[in-house]
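The values are calculated or read from the model by the stated rules, or taken from the named source; none is laboratory data. Keep in mind it's a predicted model, so treat the numbers as computed, not measured. A quick note on method: Cβ atoms are made from the backbone with ideal geometry, for glycine too, and the neighbour counts reach across all protein chains shown. Heavy atoms of the whole protein, side chains included, go into the accessibility calculation; ligands, DNA and RNA do not. Shrake-Rupley method; radii C 1.70, N 1.55, O 1.52, S 1.80 Å.
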Amino acid sequence: MAQRMERLLPTDTVTLLRHIGEAGDALDCPTYVVGGLARDLLLGRPSSDIDVMVEGDAQALGRRLAEELEAELECDDRFLTCKLILKSRRPIDVATARSEIYEHPGALPKVQRATATDELGRRDFSINALAIRLNARHFGKVLDPFGGSDDIRAGVLRVLHENSFADDPTRVFRAIRFAGRYRLSLEERTHQWALAAIASGAVDGISVERRRQEIIAILSEPRPAGCLALLAEYGGLRFIDAALRVTPEVERVVERIAELVSQELPGLRAGEAADDEESWPESWMLYAAALMEQLGDERAALACRRLRLTAAATKQIVAAVEHSRRSATAMAEPDEVPASRIYQAFVGMPLSAPILALALAPSPQARSRIRGYLGTLRRVTADITGDDLLAEGYSSGPAFAEALRAGLGAKLDGRADTREEQLRVALTVLQQHAGTDALGGPNQEG
Ligand code: ATP
C-alpha cells in the first residue's frame with residue numbers, strides 16, 4: 001500500500017502521514033489512517049481528508065503533533081478525540097480507538113479505549129472498516145478485519161452485522177450514497193436488512209434534521225443519478241414526496257446538471273464578485289429542483305417544507321421548478337430572440353432557474369441563449385439611473401422602472417450603446433406615459 005499511497009496522494013500528504021506515524025512511534029502507539037482516505041486508497045482513488053486513529057491517547061498524539069507542526073488543537077474529552085488545524089487550514093481528526101457501550105437503546109454511549117479492530121467494528125460498512133498503518137516500521141500495512149478489500153474487489157457494499165441498520169437507520173441513506181458513488185451493489189443480506197429497516201419503520205424514526213442532512217449529502221454527490229435511482233428503489237423518495245419517480249428523463253437531466261456543474265458553470269461564474277456568491281445555488285439544490293420539477297411549484301414548496309430546508313434553498317428550488325421548463329421552451333424559438341427578451345425571461349429569478357433551463361433546453365440554440373444570459377447578459381446594467389430622469393424634470397413614479405428597463409433593453413439589443421441614446425429611449429417611454437397620465441409629465445418648474 002505504501003507505493004500506492006506515493007502514487008495516489010500528493011507528496012506533502014504522504015510526508016504528513018509519515019510524520020504522524022513517527023509521532024505515534026515516539027509515543028509507542030499503533031497509529032493508523034482510517035475512514036474515507038483508507039477506503040479511497042483501496043478503491044484506487046485519490047482522497048484528502050485525514051482521519052487518524054491511535055491505539056492509545058489521541059490527545060497526547062494531538063498535542064505532540066500540534067507542537068511539531070505548529071498547528072492549532074481542539075480537544076473533545078467526551079469522545080477522546082481532537083482536531084488539528086494545520087497552518088494551511090487543513091484539518092486532521094485524531095481519535096482514540098474505542099468501543100462504545102449503550103446501556104439501553106437511546107442512552108448516551110459509555111466510551112472506553114479499545115483495539116483498532118474493536119474500533120473498526122463500530123463502523124457502518126466493510127469498505128469503511130479499513131485502516132492503514134502509519135508507524136515507520138509498518139507504514140502502508142492494511143488492517144482489514146471485516147473483508148473490506150474483498151468487498152471492493154467484488155463490487156459490493158456490506159454492513160458488518162445484522163443489526164447495523166436497526167442500530168443506526170441513517171446507514172440506509174449512507175448505503176445508498178456509497179453504493180451510488182462507487183457503483184457498488186448492496187450485498188444480498190445487506191440489501192435484505194436495508195429493506196427490513198425500511199419496512200419496520202426504523203428509517204421513519206430518524207429525526208427530520210438527520211434525514212435532511214442525509215438527503216442533502218446524497219444530492220451533493222458529484223454525480224447523484226445512480227444514488228437517486230437507489231433512493232427510489234429503496235423507497236426513500238417518499239421522504240421528499242411520495243409521488244416522485246426517477247424516470248430516465250430525470251436521470252438524463254441530473255447527468256446534464258453534473259456536466260454543467262463540473263464543466264460550464266465555473267467559467268460562466270468567472271469574475272463574479274465575492275458578495276454575489278450567495279445568489280449561486282449549491283449543486284444539491286439544482287439536483288433537488290431537477291427531481292422535484294415533476295411535482296410543480298406548489299408541491300415542490302411543500303416538499304421543501306417537509307425537509308425543513310432553509311428559505312434560501314427553498315427559493316432556489318421552487319423558482320427553478322416554476323420557471324425553467326417554460327423558459328427553456330421559450331428560448332428554443334427558431335426565430336431571432338432579441339437579447340432583451342432573453343434578459344427579461346430570467347431577470348430577478350434565482351440563478352437556479354436559468355441553470356435548470358440550460359439543462360432542460362431542447363436545442364443548441366436555446367442553450368446558447370441561456371448561456372449568454374448566465375455568462376454576460378445578467379450582469380449588464382443601464383448607463384442611466386432614475387436620477388437622470390429626475391434631472392430631465394420628471395417626477396419619480398411607476399413609469400420610471402419601465403423607462404429604465406426600456407433603456408437597458410435598447411442597450412442589450414445594440415440599439416443604444418451610449419448613455420444619451422439610452423436616455424432618449426427612456427424619455428420616449430416617459431413621454432408616452434405623460435400622454436396618458438398627467439402626473440407623469442415633466443415638472444412645471446423643471
Ligand atoms: P465522504 O467521502 O462522504 O466524506 P467519509 O466516510 O469519509 O465519506 P464521514 O461520513 O465523515 O465521511 O465518515 C467518516 C467515517 O466514520 C466513515 O468512513 C465511517 O467509517 C464512519 N461513520 C460515519 N458515519 C457512520 C455511521 N452512521 N455508522 C457507522 N460508522 C460511521
Whole-percent carbon and sulfur contribution to the accessible surface of the stretch 16-104 (1.4 Å, no ligands, DNA or RNA) stands at 46 percent
For the chain, report the accessible area per residue in Å² (1.4 Å probe, heavy atoms, rounded to an integer). 48 Å²
Remind me, relative contact order of the chain in percent, using alpha carbon pairs under 8 angstrom and six or more residues apart? 8 percent
Label-point separation in nm, LYS83 to THR15, each point 7 Å along Cα→Cβ: 2.6 nm
Taking only C-alpha pairs under 8 Å that are 6+ residues apart, what is the relative contact order of the stretch 386-433 in percent? 38 percent
Over the stretch 250-380, the quotient of the Cα radius of gyration and 2.2 N^0.38 Å is 0.99
Between helix 297-306 and the chain: long-axis angle, C-alpha atoms, 0 to 90°, nearest 10: 30 degrees
Value of [θ]222 nm, deg cm²/dmol, for the chain, DSSP H segments ≥ 4, -39500 (n - 2.57) each, nearest 500: -15500 deg cm²/dmol
Could you rank the peptides 25-32, 414-421 by their average count of other C-beta atoms within 10 Å per residue, with the highest value first? 25-32, 414-421
Ignoring ligands, DNA and RNA, please state the percent of accessible area on the stretch 250-380 from carbon and sulfur, probe 1.4 Å. 51 percent
Semi-axis lengths, Å, the chain, gyration tensor of Cα atoms, sqrt of 5 times eigenvalues: 55, 27, 20
May I ask for the angle, rounded to the nearest 10°, between helix 364-375 and the longest principal axis of the chain, with both axes built from Cα atoms and the value confined to 0 to 90°? 90 degrees
What order do you get for 279-287, 239-247, 60-68 when each peptide is scored by the mean count of other beta carbon atoms within 10 Å, highest first? 279-287, 60-68, 239-247
Diffusion constant of the stretch 386-433 at 10 °C, which comes from Stokes-Einstein with the Kirkwood Cα-pair radius and 1.306 mPa s, µm²/s: 154 µm²/s
Once you wrap a convex hull around the alpha carbon atoms of the stretch 1-135, what is its projected area averaged over all directions, in nm²? 8.1 nm²
In terms of Cα to Cα distance under 25 Å, which lysines are near enough to LYS83, apart from those fewer than 8 places away along the same chain? LYS110, LYS141
Using only Cα atoms, tell me the angle between helix 283-292 and the longest principal axis of the chain; keep it within 0 to 90° and round to the nearest 10. 70 degrees
Peptide ranges 200-207, 11-18 listed from the most packed, as the mean C-beta count within 10 angstrom indicates: 11-18, 200-207
For a quick check, take a GNM of the chain with Cα springs below 10 Å and name the residue from LEU237, LEU423, LEU42 with the largest mean-square fluctuation. LEU423
Just the number, please: carbon plus sulfur as a percent of the accessible area of the stretch 155-239, 1.4 Å probe, no ligands or DNA/RNA counted. 48 percent
If I stretch the segment between ALA270 and ARG306 completely, what's the gain in nm (0.36 nm per residue apart, minus their alpha carbon distance), one decimal? 9.5 nm
How high is the FRET efficiency between SER368 and ASP417 when r is their beta carbon distance and R₀ equals 22 Å, given to the nearest 0.05? 0.45
